[in-house]
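The values are calculated or read from the model by the stated rules, or taken from the named source; none is laboratory data. This is a predicted model, so every value here is computed, not measured. In this analysis, Cβ positions are derived from the backbone assuming ideal geometry, glycine residues included, and neighbour counts consider all displayed protein chains. Each accessible area value is taken on the protein alone, full model and side chains, heavy atoms only, with ligands, DNA and RNA left out. Shrake-Rupley method; radii C 1.70, N 1.55, O 1.52, S 1.80 Å.
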Amino acid sequence: MELYETLPIVPLRDVVVFPHMMLPFVIGRPSSVRALEHALLKDKRIFLAAQHDAQIDDPQPADIFTMGCLANVVQSLKLPDGNIKLLVEGIDRARAIEWKEDKGFYRVVVKVVPKPKEAGGDTEATMTRVVSLFEQYVKLSNNLHYDAMIAAVRVDDPNKLADTIAAHLLVGVDEKQNLLEIISPIERLNRIAGILEAEVDKLQVDRRIQSRVKKQMEKAQKEYYLNEKMKAIQKELGRKDEKGNEVEELKKKIDQARMPEEVKEKAVQELKRLEAMPPMSAEATVSRNYLDWLIAVPWYKKTKESRDLKKAEAILNEDHYGLEKIKDRILEFLAVRALVKKPKATILTFAGPPGVGKTSLAKSIARAMNRKFVRLSLGGVRDEAEIRGHRRTYIGAFPGQIIQMMKKAGSQNPIFLLDEVDKMSMDFRGDPSAALLEVLDPEQNNAFLDHYLDVEYDLSNVMFICTANVLHTIPQALRDRMEVLQLAGYTEQEKVEIAKRFLGPKAIEGNGLTPENITILDEAYQTIIQRYTREAGVRNLEREINAICRKVARQVVVQGAAFKEEIGAAKVTEYLGVPRFRPTLAEENNEIGVTTGLAWTEVGGEILVIEATLMSGKGKLTLTGKLGDVMQESAQAAMSYVRAKADEFGIPKNFNRTTDVHVHIPEGAIPKDGPSAGITLATTLVSALAKLPVRKDVAMTGEITLRGKVLAIGGVKEKVLAAHRAGLKTIILPKDNEKDLADIPKNVLDALDLYLVDNMDEVLKIALAEPLIRVGVAATETAVQPAVLDDTITH
């Protein structure tokens, strides 16, 4: 049977009333008071429904949920302020069907929602699960009385169970209204189970957090209590507390550090902050570390610089053989410092292939000047904070490497080596090379600002030395601040001397041998250099000498301390095995279409053999050997020159229509580029097309133009040394490179015939083994003579 009633309605703010629920609340709105008075005059029954928006003071029917609860007014009490306090009991769900306005309040026709009856195993299992979850919820919640709640849910009726639990859930009005509108008790219980599972999870997390916080607070309170107690005991005994001792010690160190005035002010201010902090707090640790760094950095300490040029020269010669130009520049630098009290700082940069002694030369400079030496490797550095440091706001912040190295040096004027400055890179964390601009600029580095220290630090007394293998990877702005000194590769004779003076004795001592156990002859060093290494520096040479010493050390251990070995050329092969290189890489015979060129690499000079062969075809020029764009263009220019001069050289006019030319440069896996192979390519093409052999003992380098002019190139010293190492005796160079011969050792120049040329005609006269038959050109007996070099050019 459907039941309808007409009852006064009281809209509720933020409250949903369920059946079987006793609820106290206060009403004060005039419409609600009138509705209540009307109900009290009749049967004390009233309809309670929640508002959509609790902020509305005068709700209309559209602002109120239609589903609500029929309730009996159990008790009412008028308060002094005119409000009425009510206690109501929910009876049944009901839905408002029709609204009637009556003397300042609304009456509604409501339809009572019948209670469906559901029973069975599923219902009982669901009720058991919900009760279990509710027990957990009550245990974890601080707002519900456990015993009262457990007693309230001990019912057999699923409707009553669901409504009782829903009434006590601490969830929002919308969620409670949804539960009120679910008619089926089993659906309502399932919905309540889902809500309880989510709420239990939240409460468990809250409980864990509260437990952790409580433990931390208890620990902090315990530490505070014990610290206060210790202070009281120390005070009673007439002693200063430990923190007081620490503060006094830090204050004393600040005074002794002789910081600049503004830095000292900052240190004292930080010390006052530290004094006010709890000793075991994280902020105190950060502040103490900061003060330790400020104190540890050298603010006034300097080492007394040695300005004795003779002593410095002796130290440089003792540590390094050769490198005369570099040593002269260093001695000039020392001479200026002896004359000028505060000379302008110079950033020396040693550029050259690996193993030529760049890093060890910086150490020798420090020893010669009696300065401290620190080294910072910049290889792979890609974070600006490595140079400038992190701000103190970050956890685990530290000063940058510049300040860390200054602390390590313990002096304001060390020799500071920035190693591998060409290996830096950049990413999203910043560009370290940009941070180095301030460090290496003499006009700015007297006020270097590290992010961690956050005070200016004077780097103007530091002598910075940089090392690099190549210069093109260094940003132009940074390179502009450097004075670059090029270190080329060593000659064979220099390597022998270096091995005799430094590498040999060092390897003998490092492997536990004595001069009585092993003697290494000069011919052994020459064999290692010629047959087992091919490098500009001496690293591989040192490695091979060590290998020999290790094998001798084994014999000493097996045969006794009296064992002695003399290492000659034959013994080198016995110990090191099959030679890796031929004694010379020069061609063994004069050949047509094969020319020896010279190339520069990052590890020194190399010789480059260029081959050409002819085939029947349509005039196609094929270039192989992994050539770069510039080198391919040089080959095209050389071919255009040869075609333009074909008649003059006695080459068939139509060769470009009937003959394909293939130019190949061996070691095809290695990339090659640059314009300096131009005259070598042209000579190869003329030789192949004119069927004339090229001299095997000639090497050449130079850029070619379409008119046959020979232009200057770079890397002359490295290329000449490579030719000398390979046993080549005749070298052709551009005339404009005559100035570069000053860098080449005199003993190398004396062993070579150097030809300085202006055009390709001179190149061909020297390079071809047979005279070129020139058609239509008068024969001439003029021969190209080797360059006569004045001694002043070379040394």
_Filtered residue count, the range 355-383, keeping only those that are modelled with pLDDT under 85, surrounded by fewer than 20 Cβ atoms within 10 Å (Cβ to Cβ) and not small (Gly, Ala, Ser)_ = 2
*Take the range 707-729 and flag every residue that is assigned to a helix (DSSP H, G or I) and either aromatic (Phe, Trp, Tyr) or open to solvent by less than 20 Å² (accessible area, probe 1.4 Å) (or both).*
Val716, Lys719, Val720, Leu721, Ala722, Ala723
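Conditions tested, residue by residue: (1) open to solvent by less than 10 Å² (accessible area, probe 1.4 Å); (2) in contact with a helix residue (DSSP H, G or I) (Cβ under 8 Å, 6 or more places away or on another chain).
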{"position": "Cys466", "(1), (2)": "yes, yes"}
{"position": "Arg479", "(1), (2)": "no, no"}
{"position": "Thr491", "(1), (2)": "yes, yes"}
{"position": "Glu494", "(1), (2)": "no, no"}
{"position": "Glu497", "(1), (2)": "no, no"}
{"position": "Pro505", "(1), (2)": "no, no"}
{"position": "Asn511", "(1), (2)": "no, yes"}
{"position": "Pro515", "(1), (2)": "no, yes"}
{"position": "Ile520", "(1), (2)": "no, yes"}
_For Lys243, only one of the following conditions fails: (1) modelled with pLDDT under 75; (2) open to solvent by less than 50 Å² (accessible area, probe 1.4 Å); (3) in a loop (DSSP other than H, G, I, E, B). What is its number?_
(3)
_Can you pull out every residue in the range 690-706 that is among the aliphatic types (A, V, I, L, M) and either buried (at least 24 other Cβ atoms within 10 Å of the Cβ) or touching a Pro at 6+ places or on another chain (Cβ under 8 Å) (or both)?_
Val694, Val698, Ala699, Met700, Ile704
*Within the range 36-55, is there a residue that is without any contact (Cβ under 8 Å) to a residue 24 or more places away in the chain, acidic (Asp, Glu) and either closer than 22 Å to Glu181 by Cβ or open to solvent by less than 10 Å² (accessible area, probe 1.4 Å) (or both)?*
yes
*Would you point out the residue of the range 412-456, among those that are among the acidic types (Asp, Glu), over 22 Å from the mean Cα position of the chain (by Cα) and closer than 21 Å to Phe398 by Cβ, that is least open to solvent (accessible area, probe 1.4 Å)?*
Asp454
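Listed here are the residues, each with its yes/no results for (1) touching a helix residue (DSSP H, G or I) at 6+ places or on another chain (Cβ under 8 Å); (2) in a helix (DSSP H, G or I); (3) open to solvent by 10 Å² or more (accessible area, probe 1.4 Å); (4) more than 19 Å from Arg188 (Cα to Cα).
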residue: Val130; (1), (2), (3), (4): yes, yes, no, no
residue: Glu135; (1), (2), (3), (4): yes, yes, yes, no
residue: Lys139; (1), (2), (3), (4): yes, yes, yes, yes
residue: Asn143; (1), (2), (3), (4): no, no, yes, yes
residue: Ala148; (1), (2), (3), (4): no, yes, yes, yes
residue: Val155; (1), (2), (3), (4): yes, no, yes, no
residue: Leu161; (1), (2), (3), (4): yes, yes, no, no
residue: Ile165; (1), (2), (3), (4): yes, yes, no, no
residue: Leu170; (1), (2), (3), (4): yes, no, yes, no
*Out of Glu262, Glu318, Glu332, which single residue is part of a helix (DSSP H, G or I) and under 30 Å from Gly396 (Cα atoms)?*
Glu262
*Looking at (1) over 60 Å from the mean Cα position of the chain (by Cα); (2) polar (S, T, N, Q); (3) modelled with pLDDT under 85, which is the only condition Asn159 fails?*
(3)
*Any residue at all in the range 496-508 that is more than 25 Å from Leu323 (Cα to Cα), part of a helix (DSSP H, G or I) and more than 41 Å from the chain's Cα centre (by Cα)?*
no
*Out of Ala54, Ala94, Ala50, report the one residue that is of a type in the set (Gly, Ala, Ser) and assigned to a loop (DSSP other than H, G, I, E, B).*
Ala54
